[in-house]
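Colleague: My questions all concern the structure below.
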Amino acid sequence: MTENIDKKQLLAEFINSLTDNSWSNRNYSTVISASSKNKAEWDSNFPLGLEDLTKFFIEDSLSNVPLPERSKFLEMKTQARLEFILTTYLKQFNNKDIIIKLVTYFKTPELILTSSGSVYLISNKFWNLIEDTSIDFNFYTKRFILMSVITPTILFWTKDDSEDNKDTEQYMKKCFKRSMGLGKIKNKIKSFFSKNTNS
């Protein structure tokens, strides 16, 4: 049984290869060929190849978001908690080149749905981390609105050379401010459907 045993080790092999290579299917195949693990083990852990490895990379990174003491964290306003989580999430990536190469990989036309799904995965995890209890309409709209903050913030961060990425924090706040407009639209749509459902 090789499934799930060495996922982190296999991921590390691929990440190490990115020093001189791209986040691509071609490089993924090259890494497998040069790996000490056989192809069957790679296929067992990542049946869909690079797509599965990429999803695992994101899931693993989301498990590394440290939170402050719970009671103090929950006292913070919702936006402040989300800002804290997004900022903390990005701080774990000491090598921006890895994320830049991942972003380039996601920009290919055939991966448009995969990239959107990955951002939704991040957004959903962030809402879960702040213990959001929304259901029905709010559950999904909150996640899609947060996606409109996460995507531009990460893209800005990849090019940010300011000290401690302070410019990214300011840009993120602007994105949250813009997203408030989407929130108002969400409330109008929700109100519309509620009135028509109850009429």
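The values are calculated or read from the model by the stated rules, or taken from the named source; none is laboratory data. Note that the coordinates shown come from a computational prediction; the quantities given were computed from them, not determined experimentally. Because the Cβ atoms are built from the backbone with ideal geometry, glycine has one as well, and the counts that use them run over all protein chains shown.
Colleague: Give all pairs with beta carbons closer than 7 Å in which a residue from region 78-101 that is in the same structural domain as residue 143 (by TED's automatic domain parsing) and in contact (Cβ under 8 Å) with a residue 60 or more places away in the chain meets a residue that is of a type in the set (Ser, Thr, Tyr) and surrounded by fewer than 15 Cβ atoms within 10 Å (Cβ to Cβ); count only pairs at least 6 apart in sequence or on separate chains.
Modeller: Cβ pairs passing all conditions: 101/22.
Colleague: What residue, among those in region 10-43 that are of a type in the set (Gly, Ala, Ser) and in a helix (DSSP H, G or I), is surrounded by the most Cβ atoms within 10 Å (Cβ to Cβ)?
Modeller: 17
Colleague: Report yes if residue 102 is within 14 Å of residue 58 (Cβ to Cβ), of a type outside the set (D, E, K, R), assigned to a helix (DSSP H, G or I) and more than 14 Å from the chain's Cα centre (by Cα), otherwise no.
Modeller: So residue 102 does not fit the description; no.
Colleague: Now, a different point. Among the numbered criteria (1) in a loop (DSSP other than H, G, I, E, B); (2) touching a Lys or Arg at 6+ places or on another chain (Cβ under 6 Å), which one does residue 93 miss?
Modeller: (2)
Colleague: Oh, and also: Of the numbered conditions (1) in contact with a Gly (Cβ under 9 Å, 6 or more places away or on another chain); (2) of a type in the set (A, V, I, L, M, F, W, C); (3) assigned by TED's automatic domain parsing to the domain that holds residue 164, residue 42 fails exactly one; give the number of that condition.
Modeller: (3)
Colleague: I would also like to ask the following. Filter region 59-80 down to residues that are in a helix (DSSP H, G or I), more than 14 Å from residue 8 (Cβ to Cβ) and among the acidic types (Asp, Glu), then give me how many there are.
Modeller: Counting residues in region 59-80 that are in a helix (DSSP H, G or I), more than 14 Å from residue 8 (Cβ to Cβ) and among the acidic types (Asp, Glu) gives 1.
Colleague: Among the residues in region 91-100, are any closer than 15 Å to residue 129 by Cβ and hydrophobic (A, V, I, L, M, F, W, C)?
Modeller: Scanning region 91-100 turns up no residue that is closer than 15 Å to residue 129 by Cβ and hydrophobic (A, V, I, L, M, F, W, C).
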